[in-house]
Amino acid sequence: MDLKTENAAIADESKFRYKRILTGDRPTGPLHLGHYVGSLRNRVRLQNKYETFILIADIQALTTNFEHPEKLQENIFLAALDYLSCGIDPNLSTIIIQSMIPEISELTTFFSMLISVNPLKHNPTIKTEAKERGYKELTYGFLGYPVSQTADIAIFKADLVPVGIDQLPHIELARKIVRKFNELYNGKLIEPFALIDKFPKLAGLDGNLKMSKSYGNAINLSDGFDLIKSKIRSALTDKNRIHPTDKGNPEICTIYSYHRAFSGETLIKETEYNCKNGKIGCVKCKENLFGVIKKLLEPMNERRAYYLNNKGEIWDILLTGTAKAKVIASETIKEVKETMKILYTLP
Ligand code: TRP
């Protein structure tokens, strides 16, 4: 997708004053450096600027993992642990367990009337994901997850959704659904904007364009340093470089792309120069990178160790956040029903 083309769904922070962010992840396993570069480090920054809600989308995780619902609880815990380790501050960010807010499912049902099946079938992200996963047929739930994602955003009245570029079609769809809702029922739901993180996707250790758990080419935030060291050691570099004195091409080297993501200006420049001129071997270059990543992860590991010793605090944070979110969600669903003239109250 080309970011240069004007896209009405992309936020312009210089033009509008946004207030509330909602973003989320499917809890499907440990988060890795790709998540850190692609979203986590941005969230840590954004939580100081916006009221931030982070949704652990366990129902959405079921769209692809419905055979193993029993794994969700552990994965929710791990996601929260990764967030907190990275520096998501529970005083600034509200972390929510999606399945504990049934109002989201209710709103999903109302929204599902406002979109026909074809645009979902043609949604490029759905298509790519279905292909990657080898789905020949799509379940109703999987096909509809962008509708439920629209409800995630709308129920909390978020105006800004920080996501990777692959999620842009979903934000466009969310805007369409909300607009239709407002037009039809004279509603006041907020049409959200996407805040796109422009940092390129982190490549996998094997040179694949995308770091991903399912490709087995990831460095997890929770990996120990010995494991990280050996993973870095085995990472793909410029294949044509045999000796340290060979002139290399950093542009095709995974390790260099990691330097660009994590190292400081000076080390990035030095690495590029030394590689191009055969003045550094890949082994040494990898050691430098390991040093940088170790420094990045050390404070995270400290927080991780703290929370692992105080697991109860994680559940407290999750439940407190979810309770706060629940208040907003039940107000919104009440408004939605009033707007639709279907609000009836039990005696
Ligand atoms: N679809 C997102 C992903 O796969 C996760 C998600 C669920 C989300 N609900 C959301 C993202 C709401 C942004 C807003 O990563």
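Throughout, read-outs are computed from the coordinates displayed, never taken from laboratory work. Since the structure is predicted, the reported quantities are computational estimates derived from the model, not experimental observations. Cβ sites come from the backbone with ideal geometry, for glycine too, and all protein chains shown count toward neighbours.
Roughly speaking, what is the centre-to-centre gap between the range 265-295 and the range 83-125 when only Cα atoms are used, to the nearest Å?
First find each Cα centre; the distance between them is then 41 Å.
Tell me which residues come under 5 Å, amide H to amide H, from L195 once H is placed; ignore anything under 5 positions away on its chain.
Amide H neighbours of L195: A11, V161, V163.
Given a Förster distance of 45 Å, report the FRET efficiency between E338 and E13 from their Cβ-Cβ distance, rounded to the nearest 0.05.
Efficiency, rounded to the nearest 0.05: 0.85.
Quick one: longest stretch of the chain between exposed loop trypsin sites (Lys or Arg not before Pro), exposed meaning at most 15 other C-beta atoms within 10 Å and loop per DSSP? Spell out each step's value before the answer.
Working: sites that count: K4, K15, R17, K19, K49, R133, K136, K188, K198, K239, K247, K279, K341.
It works out to 50-132.
At most 13 other C-beta atoms within 10 Å and a DSSP loop state: those are the exposed GluC sites (Glu not before Pro) I care about. Give me the longest piece of the chain that has none.
For GluC sites (Glu not before Pro) (loop position, at most 13 other Cβ atoms within 10 Å), the longest site-free span of the chain is 138-347.
Students often forget the sequence filter, so: which lysines lie under 29 Å Cα-Cα from K286 once same-chain residues fewer than 8 apart are removed?
Here the lysines satisfying the reach criterion relative to K286 are K198, K201, K210, K213, K229, K231, K239, K247, K269, K276, K294, K295.
Principal axes first, then extents: for the Cα atoms of the chain, list largest minus smallest coordinate on each axis, whole Å, largest first.
80, 47, 43
Could you list M113, M211 in order of exposure, starting from the residue whose Cβ has the fewest other Cβ atoms within 10 Å?
M113, M211
Kindly provide the helix-only [θ] at 222 nm of the chain, computed as the sum of -39,500 (n - 2.57) over DSSP H runs of four or more divided by all residues, to the nearest 500 deg cm²/dmol?
Working: 14 runs with 175 residues, N = 347.
Helix contribution divided over all residues of the chain: -16000 deg cm²/dmol.
Rounded to the nearest Å, what's the spacing between the alpha carbon centres of the range 132-193 and the range 15-55? Just the number, please.
17
Just rank F181, F110, F77, fewest to most, by other beta-carbon atoms within 10 angstrom.
Ascending Cβ contact count within 10 Å gives the list F77, F110, F181.
Pull up the cross-link candidates among the lysines for K19, meaning alpha carbon to alpha carbon under 18 Å and not fewer than 8 places away within one chain.
K19 reaches K49, K157, K188, K324.
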